[in-house]
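Below: one structure, written as structure tokens.
Derivation of every value follows stated rules applied to the coordinates shown; laboratory data play no part. Nothing here was measured: the structure is a model prediction, and the numbers come from that model. For neighbour counting, all protein chains shown are included, and Cβ atoms are generated from backbone atoms with ideal geometry for every residue, glycine included.
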Amino acid sequence: MKKVITILVVMVLSISLVACSEPKPADVLDKLETAYNKQDIYAIIECYEPNVKKFLSGAASLAGMAGLTDVLPLLSTALGSELDMGFGKITLTEISTEMIDKSTAMLYYNVSIVYSDGQTANFDSSGKVVKVDKEWYIAAF
């Protein structure tokens, strides 16, 4: 009986490990959050689908961007943010994911920004993500 229980436990753990190791659409949020908080434009570019990644990498190299310091003020303006207190630290939290097909999903998430002076910004957003070679990326369109 103990052998049967042991085998069942091993099977359940094996199945759990396989299920846990499968990438999820929201995994890209963790990568994007880390890249933003490190002010690493190249790591942010790595979050985009491969066919767009090459274009963005080339553009970043041509512009000589070594970090987010050059691009974040533009993003801030584009997003309509009137807060000009530095980059702040972001937290991206999945709200829900709607699978469109096996390799495309709509990701709904919350963005929370805490600035160095203690002010915060909090809003919900969404975007399409695509799965390429078992990895999830931000879709360009």
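Given a Förster radius of 35 Å and the C-beta distance between residue 27 and residue 116 as r, what FRET efficiency does 1/(1 + (r/R0)^6) yield to the nearest 0.05? All intermediate terms of the calculation are to be shown ahead of the outcome.
Values: r = 28 Å, r/R0 = 0.81.
Efficiency, rounded to the nearest 0.05: 0.80.
Extending each Cα 7 Å along its Cβ direction at residue 94 and residue 43, get the distance between those two points in nm, one decimal.
Inter-label distance under the simple model: 2.0 nm.
Here is the link list: 38/131; 24/134; 89/128; 38/134; 31/128; 24/131. Which ones come out longer than 19 Å on Cα distance? Write out the running numbers ahead of the final one.
Working: 38/131 25 Å; 24/134 9 Å; 89/128 23 Å; 38/134 25 Å; 31/128 16 Å; 24/131 9 Å.
Over 19 Å Cα-Cα: 38/131; 89/128; 38/134.
Could you pull out every residue, at least 5 positions away or on a different chain, whose amide H is within less than 5 Å of the one on residue 132? Hs are placed 1.01 Å off N in the peptide plane, and Pro or chain starts have none.
137
Computed FRET efficiency, Cβ-Cβ of residue 103 and residue 55, R0 25 Å: what is it to the nearest 0.05?
Details: r = 21 Å, r/R0 = 0.82.
Here the calculated transfer efficiency is 0.75.
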